[in-house]
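Reviewing the structure listed below.
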Amino acid sequence: MRKFGKRLLCLGLTAVVMLPLLFAFGCAGGTPGETSAQLPETAGDTSAASAECIRMSDLSLYSVIRPDGRESLTDTSVSLYTALNALVKDSGGKVAIKTDFYKEGVPAFSIGEYEILIGKTNRPESAEFISKLRYKDYGYTLVGRKLVIAGGSDEATALAVSRFMSKVVKAAKAEDELFFVMPDSEFLQEGNYLIDRLSLCGTPVQSYRIIYPSGSTGGEEAAARNIMEAIRSASGYELDVQSDRDAGAATGREILVGKTDRTATEPATLVKDEAYICFDGKNITLYAADSAGYGAAFVRFTQLIGDKKTEEVNVVLSAKETVTYDSSLLTSMSFNLWVSEVSNDRVRRVITIINNYSPDTIGFQEASPNWMNILRSNLGRTYAYVGEGRDGGSSGEHNPIFYRADRFKLLDSGTRWLSDTPNVKSKYAESSLNRIYTFALLERISDGRKMMVVNTHFDHKSGEARQKQAKVLVEFLKGQFGYPVILTGDFNGSASSAEYSTIINSGMTNSMNIAATAEAAPTFTSYGKASSTIDFIFVIRNKVEVSFYRVCNEMIDGNWPSDHHPVIIKYTLAG
């Protein structure tokens, strides 16, 4: 924890002298006994004449303001609102609560003089405070008469409110004269970042914004957002990501992904299996012929940033760097999301690890309707998906297949039940729950090659149920062996289980066993409480050549995304 830099260092040296004056004269601009109506009109003013405290008698004049449309801060704001009203109830006052939506001339939607601003509201006082914060930073202070409680993210804002309630609200008493006193009450907590100071070509990274071409379909937007995530993860700075249409005129420094409407260095021709990272003395530009190329350029960009803890990194770029890649290479991921405890922090970790690998197809397990909404919201710009819930339609957990819409055309798809009646909602008596598999027949846009992707989740309690479920699945798979087949899933059984043998005996192969390079590890750890491998990616050996297998067991922001680690393979279609 630290206070607010130089400002608080100076104020702290004079605190002993100034505090008696504060109590003698009240907040700046007022005298003892003066009512709030007599205070000077200084809302939004951050000069020396601004209020430097909140009097307890004025607390009921305040409204708690949360960002309109940011539902993740609703419960946090209501908790503060409730606690503040408990504090003022004996005086007969009442603190209000509303969103930051405003409309001139309508009193109900006007901007008030006394506001407690939660998170990234549209008020300039919020912007002033948050401009000093990185993603994990949080704190609170007075800006004029506005009390700003915020963090660099909604999760950090929730921590700021929690800290404010425990240290300020709970410590206050109704009979106190002052509720919040500057500078003693203000607070800032800095997050822990991989890189303390990150620069791109000598310019601090926070001076950049990221621009992609409007209407792009070649992976530019996905690469742009992945770059933002990588920068945020490394340095804590969250850059604006916009299309060239929405961004308006070029201002300052920009990272341009693809052929935008900006003037920038551009290769005369785009060569197959080559991507480019260019620097023209001001802007950084990434070019590629397809989404695989933008993925390769993104990977190279993150390599330049590095993954080691350090105080300072300056990424030096040449006028043009060529990145080679294999456009025939595909990636598939299997990922059990864990249906429980869907916190904002964990959602961010899940989306980050997906973006870090940017797989071409992903088979998810335990994708509840809530998780499906989250996946659609966060991945919908890049991925299309197929699949329904195990209880029919949108009900129950899904085993969806997400696929890169810029790389594949969907030819056929469906969801079937692992039972004797697979076309209707049903289960075996031994199975604790309905269990399903989802399939997608995909055609690669670049060359017309077809592949069948299947994703499933076997029963977690009954070995007998899993054996029966494996037989139903294999019966379907055998009818698809004319295509390269990729089977992902949480099979709830190890490589020594009967259900595993049923799949292997059908002609499928564990991709780990044939990968040219394999980084194996347990896939189910329950956050360190277990150690088993029950998540697999199976392929048909003579139709799929696996070059790389990995269990993605890295932590994101100090923790794992799920109780299962994702599994990913890189492969080519044989023949």
Item to check | Gain on full stretching of the segment that runs from E430 to A127 - 0.36 nm per residue minus C-alpha separation | outcome: 103.3 nm
Checklist entry - How high is the relative contact order of the chain, in percent, counting Cα pairs under 8 Å that sit 6 or more residues apart? => result 9
Checklist outcome for this item: The farthest towards the positive end of the charge dipole of the chain, of the residues V424, A234, A96, given +1 on Cβ of Lys and Arg and -1 on Cβ of Asp and Glu, is V424
Checklist outcome for this item: Per the C-alpha gyration tensor (a ≥ b ≥ c, the square roots of its eigenvalues), the chain is rounded if a/c is under 1.5, else prolate if a/b beats b/c, else oblate; here it's prolate
Checklist entry - If the chain between D75 and A495 were fully stretched, how many nm would it gain, using 0.36 nm times the residue separation less the Cα-Cα distance? => result 146.7 nm
Checklist entry - Hey, fewest Cβ within 10 Å first, where do D261, D557 land in order? => result D261, D557
Next on the checklist: How would T456, T509 line up from fewest to most surrounding beta-carbon atoms within 10 angstrom?
Outcome noted: T509, T456
Item to check | Mean separation of Cα contacts under 8 Å, 6 or more apart, over the residue count of region 195-324: relative contact order % | outcome: 32
Next on the checklist: Only bridges whose two residues both fall in region 330-573 count here: according to DSSP, what percent of them are antiparallel, nearest 5?
Outcome noted: 75
Item to check | Residue-averaged [θ]222 nm for the chain, counting only DSSP H segments that reach four residues, each worth -39500 (n - 2.57) | outcome: -7500 deg cm²/dmol
Checklist entry - Which entries in K98/K173; K94/K146; K146/K167 show an alpha-carbon gap greater than 23 Å? => result K98/K173
Checklist entry - Rounded to the nearest 5, what is the percent of antiparallel bridges among the DSSP beta bridges in region 195-324? => result 45
Item to check | Surface/4 of the Cα convex hull for region 430-506, nm² | outcome: 5.3
Item to check | Prolate/oblate/rounded label for region 89-135 (Cα gyration tensor, a/c 1.5) | outcome: oblate
Checklist entry - For the chain, with only Lys/Arg (+1) and Asp/Glu (-1) charged at the beta-carbon, what is the dipole magnitude about the Cα centre, in debye rounded to 20? => result 840
Item to check | Anisotropy class of region 217-313 from Cα gyration tensor, a/c 1.5 cut | outcome: oblate
Next on the checklist: Rounded to the nearest 5, what % of DSSP beta bridges with both residues in the chain are antiparallel?
Outcome noted: 65
Next on the checklist: Compute the helix-to-body angle for 463-478: its Cα long axis versus the longest principal axis of the chain, expressed 0 to 90° and rounded to tens.
Outcome noted: 70
Checklist entry - Restricting attention to region 502-548, which chymotrypsin sites (Phe, Trp or Tyr not before Pro) occupy a DSSP loop and are surrounded by at most 11 other Cβ atoms within 10 Å? => result Y527
Checklist entry - If you place +1 on the Cβ of every Lys and Arg, -1 on the Cβ of every Asp and Glu, and leave all else neutral, what size is the dipole of region 330-573 about its Cα centre, to the nearest 20 Debye? => result 460
Next on the checklist: If I model a spin label as a point 7 Å beyond the Cα along the Cα-Cβ vector, how far apart are those points for Y527 and I445 in nm?
Outcome noted: 4.0
Checklist outcome for this item: Output for region 343-435: GluC sites (Glu not before Pro) sitting in coil per DSSP, at most 15 other Cβ within 10 Å, listed by number, reads E430
Checklist entry - Check E52: other-chain or 5+ apart residues with amide H under 5 Å from its amide H, H built from backbone geometry? => result A28
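Any read-out appearing in this document is the output of simple, stated calculations on the displayed coordinates, not a laboratory observation. In this text the structure is predicted, and so the values were computed from the model without any measurement. Reconstructed Cβ throughout: ideal geometry from the backbone, glycine too, with neighbour counts over all protein chains shown.
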